[in-house]
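The next block holds one structure in the form of structure tokens; read it before the comments.
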Amino acid sequence: MMAKSCLGQDSDSTAAVAVLKRAVELDAESRYQQALVCYQEGIDMLLQVLKGTKESSKRCVLRTKISGYMDRAETIKKCLDQEKEDGKYHKQIKIEENATGFSYESLFREYLHETVTEVWVEDPYIRQPHQLYNFLRFCEMLIKKPCKVRTIHLLTSRNEDSGNTQQSSGLEEIKQSLRSHRVVLEISYSSSIHDREIRFNNGWMIKIGRGLDYFKKPQGRFSLGCCDLDLRPCHETTVDIFHNKHTKKI
């Protein structure tokens, strides 16, 4: 099933074709979760095109295509839902050395729905200033729409050297800032923590080999990637994504 250019040459039709073409490619590569997101986005775009189309023959073509894409999206959704129900869903992303395009929003956005109200972060390395900034950026992402996060649980390890005060004061500042957005940050420490994982209360669990600290230092204070993490080169790491029917609390 291919997205065809016969939908028209206006910008809305062209954008819909591009998204649906990507959905078909991801589908063929068995990357079903990403394919589903693209199908859903492309279908919404086609529905908008349909609303603005007057010619009956074109409307008929659009309805047929929309129906076909909806059938395929529904099939994928049922398969993914069954995998989640059975606890068998597993997706792995390998981030290559110096790869870009892996900001927190790019990595997590397809799992952050409006049903997410509570998040658990286990990461032993939220200690140094750049690691505190990483956690702050992650929190900034969580308070944006469509999420409705109200509680964030952080389990990390204490910085036992001279930076201990900086760690505690930094986390306290983040906590107070989140409170102004009506989000509670609960901080716990463990001397034995080693695993790194992030859990959302909609069942998604993401394990990153390097935790949140997978970005390289920017090349300079005013270099590209300093602010936009999609442009920041990454260290090599592996991201494993699972879905559990029930998420356990720390």
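The values are calculated or read from the model by the stated rules, or taken from the named source; none is laboratory data. Remember, it's a predicted structure, so these values are computed and weren't measured experimentally. Please note: Cβ atoms are built from the backbone with ideal geometry, for glycine as well, and neighbour counts cover all protein chains shown. Areas reflect the complete protein model, heavy atoms only, side chains present, ligands, DNA and RNA absent. Shrake-Rupley method; radii C 1.70, N 1.55, O 1.52, S 1.80 Å.
Counting the residues of segment 135-173 that are of a type in the set (A, V, I, L, M, F, W, C) and farther than 18 Å from residue 117 by Cα gives 1. Where strands (runs of 3 or more DSSP E) fall wholly inside segment 169-250, the ranges with 3 or more residues that are within 20 Å of the chain's Cα centre (by Cα) and closer than 29 Å to residue 89 by Cβ are 197-200, 204-208, 237-243. Residues that are surrounded by 15 or more Cβ atoms within 10 Å (Cβ to Cβ) and of a type in the set (D, E, K, R) were ranked within segment 178-202; the one that is nearest to residue 128 (Cα to Cα) is 196.
In the set (1) modelled with pLDDT of 95 or more; (2) open to solvent by 40 Å² or more (accessible area, probe 1.4 Å); (3) not aromatic (Phe, Trp, Tyr), residue 63 fails one condition alone, (1). Within the set 84, 175, the sole residue that is open to solvent by 20 Å² or more (accessible area, probe 1.4 Å) and either acidic (Asp, Glu) or closer than 27 Å to residue 33 by Cβ (or both) turns out to be 84. Against the numbered list (1) under 21 Å from residue 236 (Cα atoms); (2) at pLDDT below 95, residue 111 comes up short only at (1).
Name the residues in segment 148-171 that are open to solvent by 80 Å² or more (accessible area, probe 1.4 Å) and at pLDDT 95 or above, would you? Within segment 148-171, just 150 meets the criteria. All of 136, 132, 112 fail the test of being touching a Phe, Trp or Tyr at 6+ places or on another chain (Cβ under 8 Å) and either closer than 21 Å to residue 182 by Cα or open to solvent by 90 Å² or more (accessible area, probe 1.4 Å) (or both), apart from 112.
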